[in-house]
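The structure under discussion appears below in the form of structure tokens.
The values are calculated or read from the model by the stated rules, or taken from the named source; none is laboratory data. Being a predicted model, the structure only gives us computed values, none of them experimental. Neighbour counts are summed over all protein chains in view; Cβ atoms, including those assigned to glycine, are modelled from backbone coordinates with ideal geometry. For the accessible areas, the whole protein counts, side chains as well, though only heavy atoms, and no ligand, DNA or RNA atoms are used. Shrake-Rupley method; radii C 1.70, N 1.55, O 1.52, S 1.80 Å.
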Amino acid sequence: MSKFISSVGRTLQNVFKNRSFSSRCFSTVEKEEKWETRIFSGVQPTGAIHIGNYFGAIEKWVALQDEGNRTIYSIVDLHSITLPQDPMELRANILLMTATLIACGIDPKKSIIFQQSKVHQHTELFWVLSSLSTMARLSHLPQYKEKSADLKDVPLGLFIYPVLQAADILLYRSTHVPVGEDQEQHMQIAQTLARQFNNRFGVTFPIPQTIMASDERNRVRSLREPQRKMSKSHADAKSRIQLTDTPEVIVEKVKKAVTDHTSTVTYEPEKRPAVSNLVLLHSLASGRTCEEICSEASGIDTGRYKQEVSDALIARLKPIREEIERLQHSPDFLQETLERGAERASFYAELTWRDVIDKVGLDIKHLPQLAKEMLRDSNKTPS
């Protein structure tokens with residue numbers, strides 16, 4: 001009997017290797033597919049968005065949406081719990097992030113905006129992809145090293161979240177992902193896993209390509225430590241300007257921004273990163289070039305120039321801040337927006353997931369006919 005079963009097993013392997021079974025066969029060669037352009041990106045609900053996020057990412061998201069692309073933007077709440085979070089704050093931050101995206105120009109009628117945890121296929125695809133991932137590859141990622149450096153006990157979620165990030169991207173068969181420089185290696189994980197899955201089980205995913213800002217808007221620096229990028233996680237709140245900051249707070253933060261011992265206003269990022277960061281923020285807020293700004297500021301010192309930077313930022317951020325405040329008074333609208341977005345996202349997610357479980361072998365309803373016959377024969381008593 002055991003020999004017979006082994007024979008059936010070998011035959012089944014041959015059946016699945018046979019290319020006549022189309023999408024249900026194993027393939028070791030990637031074939032060319034024409035994929036619909038689909039753009040995905042996500043943001044963690046871990047507090048208010050700062051101007052580095054806005055100028056470096058969200059403005060690009062809005063532009064991609066308004067160009068007529070199919071855009072999917074997720075509030076990735078599962079990623080935010082890899083480190084301890086207060087449940088009440090997390091709930092509030094999910095709604096704050098929804099309000100912020102809409103206030104910045106993400107239109108729920110043009111883009112899908114949804115809460116990651118409400119689409120269960122994210123974690124299901126994550127588990128499948130984790131079986132293709134290796135601990136060695138994940139342990140070398142710089143963000144893991146940075147975030148775990150001061151932790152005595154490193155949460156498993158912090159170690160494996162790049163695989164969940166890959167699942168987020170691949171679940172929607174995303175062709176393009178706008179990312180910052182610090183996420184480039186995580187994108188490589190997603191690309192590698194897409195290739196591995198395609199080669200083992202047949203072409204299922206496009207290889208997602210990065211959309212990376214090539215200009216300075218992706219390099220907004222900390223107001224307190226200009227050698228570092230502006231960050232939500234920095235201990236000093238004066239290091240960043242948030243979209244929800246009032247004019248008085250913006251003035252105070254810019255006034256406290258570090259400069260250097262030279263009083264003139266110039267744009268020299270390598271030699272004068274602190275002053276150059278202020279010029280860059282002025283440029284991004286006003287729409288004028290750094291050269292134009294420096295020329296106009298030739299007669300004033302950096303102390304007086306800070307007020308011009310503050311004025312430009314206040315003018316640019318005022319309508320966004322006011323819209324965020326207005327939307328926060330309409331939590332029912334925000335919740336409905338996320339629910340509708342989750343329904344739309346689930347449509348694409350379910351199509352991908354059905355394809356994945358079919359190819360991996362988890363969907364026994366779609367067993368090829370010849371394989372069914374072989375299994376039926378295996379239940380007969382051999383002569």
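Data for the structure
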item	result
Every residue from segment 299-309 that is farther than 13 Å from Asn277 by Cα and among the polar types (S, T, N, Q)	Gln307
Entirely in segment 80-188, the helices (runs of 4 or more DSSP H) that have 1 or more residues that are within 23 Å of Ile49 (Cβ to Cβ) and open to solvent by 10 Å² or more (accessible area, probe 1.4 Å)	87-104, 142-148, 156-170
Matching entry among Glu291, Glu322, Glu308 (being surrounded by 13 or more Cβ atoms within 10 Å (Cβ to Cβ) and at pLDDT 95 or above)	Glu308
Residue in segment 249-265 that is aliphatic (A, V, I, L, M) and without any contact (Cβ under 8 Å) to a residue 12 or more places away in the chain present	yes
Residue check, Ala371 surrounded by 15 or more Cβ atoms within 10 Å (Cβ to Cβ), hydrophobic (A, V, I, L, M, F, W, C) and at pLDDT below 95	yes
Those residues of segment 245-266 which are of a type in the set (Val, Ile, Thr) and in a loop (DSSP other than H, G, I, E, B), in sequence order	Thr246, Val258, Thr259, Thr262, Thr264, Val265, Thr266
Verdict on Arg217 being part of a helix (DSSP H, G or I), open to solvent by 20 Å² or more (accessible area, probe 1.4 Å) and either under 30 Å from Ile189 (Cα atoms) or without any contact (Cβ under 8 Å) to a residue 60 or more places away in the chain (or both)	yes
Any pair with Cβ under 7 angstrom, 6 or more apart, that starts in segment 331-350 at a residue that is at negative phi and in contact (Cβ under 8 Å) with a residue 12 or more places away in the chain and ends at one that is open to solvent by less than 90 Å² (accessible area, probe 1.4 Å) and polar (S, T, N, Q)	Leu334/Thr98; Thr337/Thr98; Leu338/Thr98; Leu338/Gln115; Ala342/Gln115; Ala349/Gln121; Glu350/Gln121
Number of positions in segment 325-351 that are in contact with a Leu (Cβ under 9 Å, 6 or more places away or on another chain), buried (at least 17 other Cβ atoms within 10 Å of the Cβ) and either within 16 Å of Leu95 (Cβ to Cβ) or β-branched (Val, Ile, Thr) (or both)	4
Residue within segment 220-230 that is open to solvent by 70 Å² or more (accessible area, probe 1.4 Å) and at pLDDT 95 or above present	yes
